[in-house]
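Below is one structure; the comments refer to it alone.
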Amino acid sequence: MNNDKDIQQIISSARSGSRKSMGELAVAVRERLYPFVFRTTLNHDLTEDVLQETLLAVVRQVASLRESQRFWPWVYRIAWSKIQDSYR
């Protein structure tokens, strides 16, 4: 699922309302973001909280993403924002 072509198809289906694709997208985001968030927070509980908040934001906003090829940078920006929020 790490293939960009696969993720583009999943994003397209998720935007169309496919619950299965939205689940696949959530799994892909969690797998890819966990190491990044954990390296930043060094706290498993905080990492889980940040991932959950990030996933909720992605699910709510994926339809508004204009360029699906920019998906990963968009997701990392959301996660970084959630990390910063957790330290405020």
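Mind pulling the per residue volume of the convex hull built on the Cα atoms of the chain? Å³ is fine.
85
Restricting to DSSP loop positions (anything but H, G, I, E, B) with no more than 12 other Cβ atoms inside 10 Å of their own Cβ, which GluC sites (Glu not before Pro) remain in the chain?
Passing both the DSSP loop test and the Cβ count: Glu67.
What do you get for trypsin sites (Lys or Arg not before Pro) in region 46-80 restricted to DSSP loop and a cutoff of at most 11 other Cβ within 10 Å of the site's Cβ?
Arg66
Among the chymotrypsin sites (Phe, Trp or Tyr not before Pro) within the chain, which fall in a DSSP loop and have no more than 11 other Cβ atoms within 10 Å of their own Cβ?
Answer by residue number: Tyr87.
Keeping all protein chains in the complex and leaving out DNA, RNA and ligands, what accessible area do you get for Val59 with a 1.4 Å probe, in Å² to the nearest 10?
The accessible area of Val59 comes to roughly 70 Å².
So, R0 is 30 Å and r is the distance between the beta-carbons of Arg19 and Ser86; what FRET efficiency does that work out to, to 0.05?
Efficiency computed from Cβ-Cβ geometry: 0.60.
With each pseudo-label sitting 7 Å past Cα toward Cβ, what's the His44-Val27 distance in nm, one decimal?
2.2
So what is the 222 nm mean residue ellipticity for the chain from helices alone, if each DSSP H run of at least 4 adds -39500 (n - 2.57) and you divide by all residues, rounding to the nearest 500 deg cm²/dmol?
-26500 deg cm²/dmol
Considering only protein heavy atoms, what per residue accessible area in square angstrom results for region 23-88 with a 1.4 angstrom probe?
Accessible surface, normalised per residue, equals 62 Å².
The values are calculated or read from the model by the stated rules, or taken from the named source; none is laboratory data. The structure displayed is predicted, hence computed values, not measured ones. Methodologically, a virtual Cβ is constructed for each residue, glycine included, from the backbone with ideal geometry; neighbour enumeration extends over all protein chains shown. These accessible areas exclude ligands, DNA and RNA; they are computed on the full protein's heavy atoms, side chains included. Shrake-Rupley method; radii C 1.70, N 1.55, O 1.52, S 1.80 Å.
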